[in-house]
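What follows is a short report on a single structure.
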Amino acid sequence: MTTTVHRQFTFTQAAIALAIALFLMLFLIVPVLMVIYVAFANPDGGLTLQHFASFFQISLMRESFWNSLIVATLSVVFASLIALPLAYFTVRFEFRGALLIQTLGILPLIMPPFVGAVAMQLIFGRSGSVNLLLGEWFGFNLPVMQGLNGVIFVEALHYFPFILMNLVVSLNNIDSSMEESAQNLGASGLRLFRRIVFPLAMPGYIAGAALVFIKVFDDLGTPLVLNVTNMLAPQAYLRITSVGIEDPIGYVISVLMIGFSLFALWASALVLRGRDYATMQRGYSGLAKRRLKPWQTVIAYGWIILVLLLVLSPHIGILLLSFGNIWSFSVLPDSFTLDHYKTVAQDSPRMVWNTMLYCGLAATLDIILGTAIAYLILRTKLPMRRSLDFMASAALAIPGVVLAIGYLRTFRGVQLPFMDELLTSSWILIMLAYTVRRLPYALRSCMAAMQQMHVSLEEAAENLGASKQRTIYRIVVPLMAGGILAGFVTSFMTAAVELSATIMLTTAQNDAPMSYGIYLYMQSAAGRGPGAALGVLAVVIVALGTYFSHRLIRSRAADQEARPLQKIEV
Amino acid sequence: MDPLRKVRVNISNVSMSYGQTPVLRDVSVNIEPGEFFALLGPSGSGKSTLLRLIAGFNQSQSGTIAIDDEDISRVPPWHRNIGMVFQNYALWPHMTVNENVAFGLVERRLPRVTITRKVAAALELVGLQEYGERRPNQLSGGQQQRVAVARTIAIEPKVLLLDEPLSNLDAKLRVHMRTELLALQRKLGITTIFVTHDQEEALSISDRVAVLDQGVIQQVGTPMELYDNPVNRFIANFVGTINLLPGEVRGGFFDSPDIGKFRLPAAIAVNDGKIEIAFRPHTLTLSSPDRSTGPIQLPGTVSEREFLGEFVRYRVKVGTAEIVADQPHLGGVPDFLPGHAVTVSIDPAQVRLFTA
Ligand SMILES: Nc1ncnc2c1ncn2[C@@H]1O[C@H](COP(=O)(O)OP(=O)(O)O)[C@@H](O)[C@H]1O
Ligand SMILES: [Mg+2]
């Protein structure tokens with residue numbers, strides 16, 4: 001076999017790219033365009049702004065609009081207030097923060113805010129533990145869980161690690177020589193911080209803040225569980241599920257939500273443009289660390305313990321709730337029991353299995369798509385290859401509710417081949433929604449892994465007689481294994497706790513995954529115990545999965561820890 | 001390992017550009033069977049590009065590359081059987097040394113026993129038979145380089161391409177490894193193209209050298225030809241050290257703005273016009289002004305003196321020019337200190353002229 005190589009790409013590459021593009025068109029672009037189209041369409045098919053006008057005429061809608069904006073903005077503000085000092089302490093001072101930061105970073109991934117929301121109400125609510133104690137001892141209450149406050153509080157506590165992690169990474173990427181040369185040129189103290197450290201750390205902060213904003217906007221479960229319905233995501237859900245799939249207001253809300261997500265992404269891209277300092281600088285050592293003075297140590301650790309207690313309170317609360325017999329108007333549950341776990345063991349093996357199935361399939365699809373896209377983009381000269389990345393990443397800006405509405409509308413009446421079932425009532429659509437929504441994470445992971453791999457490693461294989469396919473199989477995939485696995489884990493974990501699209505796409509009890517089950521349980525006071533037990537089960541499963549895959553990655557990484565390839569220069 | 005069949009490599013009229021930037025311009029070189037051939041040139045001159053073209057990782061816009069008169073321009077890299085050792089070695093970190101070396105043999109679907117035998121033979125050839133079970137990151141730089149070589153020769157390639165194979169080694173190892181590479185090449189008889197930017201490296205071990213500058217082959221020849229008869233001032237400057245004096249010939253006299261006017265001996269007389277005269281430092285003789293003889297004599301003053309063991313390197317100020325003169329460090333050869341007035345004698349037989 002002698003193939004010619006004068007073309008810029010091969011037929012196989014083009015065919016794969018086309019297949020991926022088709023998939024993304026069908027399950028992301030078309031449904032979203034459909035949503036946008038319906039929001040602007042007359043009954044006779046013409047374009048109109050009438051639906052938007054009606055939207056703003058309804059006072060509940062105006063209220064929801066502002067509420068969503070306020071909640072997302074204030075959540076970013078409070079998350080920043082928690083994250084900034086923590087990041088500064090870890091990076092600047094000699095103290096054992098690394099482990100803490102890592103732990104904090106994983107927490108929001110393994111337990112989504114809606115799971116902990118009920119527990120937060122029991123702890124911080126009007127008649128929750130904290131306020132009962134405060135009322136008894138000091139005679140006042142903190143209204144942190146009242147209405148929108150509750151949503152903001154829960155979201156900020158759950159999502160601040162996104163800001164923290166990004167900030168710490170960019171601070172660590174600052175070479176100490178940059179700081180030293182600034183000092184050498186006469187800058188110090190606050191001026192040094194303002195002119196060097198802050199600008200260099202800015203990209204990380206902005207990226208994290210934008211992520212939090214989008215996440216909060218997207219979150220449907222938390223407001224629903226806290227019984228706050230005057231926000232955009234709950235309104236979209238309620239409109240579509242109660243008024244019906246034809247109701248244009250649901251689509252208007254969807255378009256507004258996409259608009260806000262896009263705005264956040266656009267604003268962060270604008271700030272970040274040309275400022276991607278995160279490129280690895282060889283031999284960086286991070287900012288110079290200082291030893292804390294004793295009183296500073298006390299303050300630093302005090303702050304951290306306070307934050308930790310707050311951050312862990314939903315987790316502790318859920319654990320208490322899952323073992324608690326009755327917990328209401330009391331600081332702690334009255335007595336403890338295993339009954340809730342028994343209930344869950346009877347009711348929900350099916351849900352556990354469903355979660356495993358959907359998320360396993362979705363994460364597998366994600367890493368296949370992610371690896372293929374990364375390869376096409378970084379290693380071929382296929383025309384328009386960047387557009388694959390763009391399409392896949394577009395999913396970041398699409399709230400789960402919106403994607404689900406798009407699916408329900410686009411695939412309305414579509415029959416599954418060989419089965420007597422509608423696509424819209426099948427679990428396949430849930431799985432596909434997970435795949436599309438988590439693809440950006442898997443893709444980033446795969447791209448990073450491939451970028452770290454020097455292209456000469458592949459060329460050497462071709463030089464020794466391995467074709468492109470053989471090279472991918474023997475060199476590319478094994479060397480990327482760590483990154484691919486990390487992508488799988490992230491996709492799996494985050495899909496396992498997805499609720500926004502799940503709520504809308506789950507049509508039969510039998511097809512419900514765990515996240516849906518938890519949500520259902522949490523709806524009734526009697527279900528809280530079993531709901532918490534199921535939540536604990538979910539956290540344990542996800543945490544165990546994470547732990548084992550990290551061990552796997554670490555042991556693989558240990559035996560391939562390559563001497564970093566030197567830059568080729570004469 | 002048995003000696004391989006020796007092949008000829010013909011590169012004809014190859015031009016290539018990245019976008020609008022031309023990188024190789026009408027390059028033609030013939031490499032003889034079994035030759036150790038060096039591609040020498042400054043950084044960015046297009047050496048790697050030419051090598052990757054031969055290996056099949058780049059495609060030229062025009063020209064052909066033939067091995068034993070068979071055009072390989074359209075053959076994909078994995079069917080070329082041209083072994084390349086990468087500058088960064090490109091050892092796969094997820095494979096042991098044995099697995100790295102076996103890679104190409106596995107791709108050729110050889111029986112397991114043959115693979116084991118050939119891997120052992122290749123590792124023995126580079127003196128690493130004990131290291132098969134190690135991972136690349138457990139080896140020193142020099143050992144990694146040997147593994148890269150073993151991995152490449154294990155497939156018994158028709159041609160061996162080496163892209164700056166020594167540049168990542170420290171100075172001492174570099175000198176050692178280059179003689180080792182040459183010995184290995186002689187043993188296998190494999191046609192080898194060796195890329196380097198280090199003229200000493202190229203001159204010391206190659207049969208012939210092609211000097212590349214800005215994508216153009218300036219001269220091809222044996223190391224001595226390049227050194228003794230550089231075809232232009234670039235080669236003269238790049239290969240070895242040389243003194244270059246620009247000026248003008250008029251009526252048998254050379255007139256230099258830097259050092260004034262002197263009569264050119266009949267042996268090197270040329271037509272009137274702008275030229276540059278060139279002469280190597282070691283062909284000059286320094287003497288006290290009162291003792292000088294010879295056809296070309298330039299009065300000057302020693303400005304710097306470097307003792308290098310075998311010889312002393314002087315910088316002599318002549319007019320406004322500075323001339324480098326190497327004098328052997330032998331009994332009877334006078335020593336001059338900075339500030340001394342000296343006469344620089346140039347042997348006409350050793351002078352090269354470049355028309356500007
Ligand atoms: N992939 C590439 N894209 C664009 N220009 C390149 C690329 N690779 C090399 N060049 C340019 O081609 C010229 C020759 O490069 P190269 O062959 O690597 O030089 P050498 O190996 O002699 O140092 C350089 O100017 C370099 O910048
Ligand atoms: Mg090079």
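The table below lists the values:
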item	result
Filtered residues of the range B:20-47 (kept if within 13 Å of another protein chain (Cβ to nearest Cβ) and crowded, with 22+ Cβ neighbours inside 10 Å)	B:Leu39, B:Leu40, B:Gly41, B:Ser45, B:Gly46, B:Lys47
Flag for B:Asp213 being within 16 Å of ligand 2 (Cβ to nearest atom), modelled with pLDDT of 90 or more and acidic (Asp, Glu)	yes
Hits in the range A:219-233 (condition: more than 14 Å from A:Val154 (Cβ to Cβ) and surrounded by fewer than 24 Cβ atoms within 10 Å (Cβ to Cβ))	A:Thr229, A:Asn230
Contacts under 7 angstrom Cβ, first residue in the range B:192-213 being assigned by TED's automatic domain parsing to the domain that holds B:Met84 and open to solvent by 40 Å² or more (accessible area, probe 1.4 Å), partner among the β-branched types (Val, Ile, Thr) and within 11 Å of ligand 1 (Cβ to nearest atom), 6 or more apart	B:His197/A:Val570
Condition check for B:Ser17: facing another protein chain (nearest Cβ under 8 Å) and within 16 Å of ligand 1 (Cβ to nearest atom)	no
Evaluation of B:Asn168 against (1) at pLDDT below 90; (2) within 30 Å of B:Gln20 (Cα to Cα) (one fails), failing number	(2)
Scan of the range B:124-176 for residues that are more than 9 Å from chain A (Cβ to nearest Cβ), within 21 Å of B:Val9 (Cβ to Cβ), within 16 Å of ligand 2 (Cβ to nearest atom) and assigned to a loop (DSSP other than H, G, I, E, B), ordered by number	B:Pro165
Count of residues meeting criterion [farther than 28 Å from A:Thr380 by Cβ, assigned to a strand (DSSP E or B) and within 13 Å of ligand 1 (Cβ to nearest atom)] in the range B:26-50	3
Residues of the range B:268-312 satisfying the condition of being acidic (Asp, Glu), assigned to a strand (DSSP E or B) and over 16 Å from B:Pro338 (Cα atoms)	B:Glu276
Failed criterion for B:Leu53 (all others in (1) under 24 Å from B:Ile190 (Cα atoms); (2) more than 9 Å from ligand 1 (Cβ to nearest atom); (3) in a loop (DSSP other than H, G, I, E, B); (4) within 13 Å of chain A (Cβ to nearest Cβ) hold)	(3)
Tally of residues being assigned to a loop (DSSP other than H, G, I, E, B) and either of a type in the set (Gly, Ala, Ser) or within 7 Å of chain A (Cβ to nearest Cβ) (or both) across the range B:58-92	11
Some residue of the range B:58-78 being open to solvent by 30 Å² or more (accessible area, probe 1.4 Å), within 16 Å of ligand 2 (Cβ to nearest atom) and of a type in the set (Gly, Ala, Ser)	no
Qualifying position, being closer than 16 Å to B:Arg80 by Cα and within 16 Å of ligand 1 (Cβ to nearest atom), among B:Leu166, B:Leu162	B:Leu162
Residue count for the range B:1-19, restricted to those that are part of a strand (DSSP E or B) and surrounded by 15 or more Cβ atoms within 10 Å (Cβ to Cβ)	7
Matching residues, the range B:60-74, being more than 18 Å from B:Arg5 (Cβ to Cβ) and without any contact (Cβ under 8 Å) to a residue 40 or more places away in the chain	B:Asp71, B:Ser73, B:Arg74
Of the criteria (1) in a strand (DSSP E or B); (2) more than 16 Å from ligand 2 (Cβ to nearest atom), which one B:Asn100 fails	(1)
Residue match in the range B:93-100 (condition: more than 13 Å from every other protein chain (Cβ to nearest Cβ) and open to solvent by 40 Å² or more (accessible area, probe 1.4 Å))	yes
In the range A:432-448, the residues that are under 11 Å from the mean Cα position of the chain (by Cα) and open to solvent by 10 Å² or more (accessible area, probe 1.4 Å)	A:Arg437, A:Arg438, A:Tyr441
Any pair with Cβ under 9 angstrom, 6 or more apart, that starts in the range A:112-133 at a residue that is open to solvent by 10 Å² or more (accessible area, probe 1.4 Å) and ends at one that is of a type in the set (Lys, Arg)	A:Leu122/A:Arg528
Hey, B:Ile54 away from ligand 2 (no atom under 16 Å from the Cβ) and either assigned by TED's automatic domain parsing to the domain that holds B:Phe103 or at pLDDT below 95 (or both) or not	no
Which numbered condition B:Ala120 fails, given (1) hydrophobic (A, V, I, L, M, F, W, C); (2) within 16 Å of ligand 1 (Cβ to nearest atom); (3) more than 8 Å from chain A (Cβ to nearest Cβ)	(2)
Residues of the range B:313-343 that turn out to be over 28 Å from B:Gly247 (Cα atoms) and assigned to a loop (DSSP other than H, G, I, E, B), as a count	9
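The values are calculated or read from the model by the stated rules, or taken from the named source; none is laboratory data. Note that the structure is a prediction, hence the values are computed from the model and not measured. Glycine gets a Cβ as well: all are built from the backbone with ideal geometry, and neighbour counts include every protein chain shown. Accessible surface is based on the protein model in full, side chains and every heavy atom, while ligands, DNA and RNA are left aside. Shrake-Rupley method; radii C 1.70, N 1.55, O 1.52, S 1.80 Å.
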